[in-house]
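Engineer: Can you keep this structure in mind? I'll have questions shortly.
The values are calculated or read from the model by the stated rules, or taken from the named source; none is laboratory data. Note that the structure is predicted; figures quoted are calculated from it, not measured. Cβ: placed from backbone, ideal geometry, glycine included. Neighbour counts: every protein chain shown.
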Amino acid sequence: MTEREPDYTKCTLTELYDVRRSIDAKAFPERAKTVELLIRDREEVARREPQRVSIADEEGNVAAVKPGRGVSFGQGVAEIVSSLVFLGIVFFGFLDLENPNMRTFAAFAVFVSIAGIITGSFHLYNAFAARRFTQHDIVEPDKEPDPFARFIGKE
């Protein structure tokens, strides 16, 4: 009884590499030659065709890019400290609340400082939380279309 020839044409390039490593070329020279030719052909095709890379899981959920914990910690501390220092300089350094222009500046300083403390708190949360906020969500266009595309005529 003769052994049936394997059909290597259905193998992926990775599988062909495995076959090339495991085949006994002295015992099966024709098979080894066929595998080598298929590998060269598949490598040539792979060089010509752009590869589509997906970072989605099996359900189509796409990855989210999150800032590093160290970066978040540094930003959080810097924003909170600089906001408090700015507020302290404004109120204890040179503020004359009798002057109406200075009251407007003081209100602005309070607003900027509160905004800095809020964003700093957000960054500190991202530094220590188990489930951090994402910095960028990478989504497929058919899952979440860009709402702005409609306004610029791209939809």
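Engineer: Yes or no: residue 86 in contact with a helix residue (DSSP H, G or I) (Cβ under 7 Å, 6 or more places away or on another chain), modelled with pLDDT of 80 or more and surrounded by 13 or more Cβ atoms within 10 Å (Cβ to Cβ)?
Structural biologist: For residue 86, the condition - in contact with a helix residue (DSSP H, G or I) (Cβ under 7 Å, 6 or more places away or on another chain), modelled with pLDDT of 80 or more and surrounded by 13 or more Cβ atoms within 10 Å (Cβ to Cβ) - is met.
Engineer: What number of residues within segment 89-138 satisfy the criterion of being in contact with a helix residue (DSSP H, G or I) (Cβ under 7 Å, 6 or more places away or on another chain) and exposed (fewer than 12 other Cβ atoms within 10 Å of the Cβ)?
Structural biologist: Looking only at that region, the number is 2.
Engineer: Any residue in segment 4-30 that's under 19 Å from residue 42 (Cβ atoms): show its pairings with residues that are surrounded by 14 or more Cβ atoms within 10 Å (Cβ to Cβ) and among the polar types (S, T, N, Q) at Cβ separation under 7 Å, as long as the two are six or more apart or on different chains.
Structural biologist: Cβ pairs passing all conditions: 8/34.
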